[in-house]
Amino acid sequence: MPDGPHIRARQVQNSLAALAKLTPEREHEIYAKLDAIDPAILAGVRRARARDWIPLAHDVQLSEVVEATLGPGSDRARARASLTLSLESSTFLEPLVRGVELVFGLEPSALLRQTTRGWAALFLNAGSIRYVVAGPSERLIEYTEIPQVVVDSEVYLNSIAGALEALAGLAKVAATVEVRERDTAERRAVFRARW
């Protein structure tokens, strides 16, 4: 097992595919900026097998470059599209969502409750997620023991919120997810989902 925080290569590969769909005319500009920072980032993502682990710092760097290049909120949109692709193509996530649908129906709280299982499938050594009921149409996702590279990136935390929003949105309701708290010293964040 690798040391340090990692993410499944398939998730980052889906991020690149989502980027190609959302802004095909600007993806090469983003790739050039990533290569200028570290040529190993894209090369490693492209040659990895879907289930391989790659450094989470590479995904954070991608988020930062997307946001810096395309403007505020652009990486959140990329994260939403990326999670949608993952749900359609993942051998773990897609059956997880179908199982929730069969047992509970597609309901935001049932989908968000599965974040703990989905997180463990996508991330390694990247902190812990806890699901909390905060009200009839409000849930909190508490993220603790966050790797420093993640908690230091407001962009990346907002992108996680966008991915959670895409998950809750599978229930065909207008769901919003925001970063409610962020404590860099405690390496903790809280996401609030409402619908």
Completion exercise
Whole-Å distance linking the alpha carbon centroid of region 5-60 with that of region 128-195 is 22
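Net charge near ILE41: determine it from the other residues with C-beta under 12 Å of the C-beta of ILE41, scoring Lys and Arg +1 and Asp and Glu -1.
On the way: positive: LYS33, ARG46, ARG47; negative: ASP35, ASP38, ASP59, GLU64.
That sum, taken over residues with Cβ under 12 Å, equals -1.
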Handout entry: Helix 93-104 axis, angle to the chain major axis (alpha carbon atoms, nearest 10°)
Key = 10
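Just how large is the dipole of the chain about the Cα centre, in debye to the nearest 20, putting +1 at every Lys and Arg Cβ and -1 at every Asp and Glu Cβ?
On the way: 24 positive and 25 negative charges, 119 e Å.
Dipole size: approximately 580 debye.
Tell me the carbon and sulfur percent of the accessible area for the chain, rounded to whole percent, probe radius 1.4 Å.
53
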Practice task
Report, to the nearest 10°, how far helix 74-89 tilts away from the longest principal axis of the Cα atoms in the chain, using its own Cα long axis and a range of 0 to 90°.
Solution key: 70
Problem - Cα pair distances exceeding 21 angstrom across region 6-194, given as percent - result: 47
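Roughly how many Å² is the accessible area per residue of region 6-194, as a whole number, for a 1.4 Å probe? Intermediate results must be reported in sequence, preceding the final value.
Working: 8680 Å² over 189 residues.
Averaged over the residues of region 6-194, the accessible area is 46 Å².
Please sort 11-19, 178-186 by packing, taking for each peptide the average over its residues of neighbouring beta carbons within 10 angstrom, highest first.
Numbers: 11-19: 21.7, 178-186: 13.0.
Going from most to least packed, we get 11-19, 178-186.
The values are calculated or read from the model by the stated rules, or taken from the named source; none is laboratory data. The model shown is predicted, which means the values in this text are computed figures rather than measured ones. Positions of Cβ are backbone-derived with ideal geometry, glycine not excepted, and every protein chain shown enters the neighbour counts. Side chains included, ligands, DNA and RNA excluded: accessible areas come from the protein's heavy atoms. Shrake-Rupley method; radii C 1.70, N 1.55, O 1.52, S 1.80 Å.
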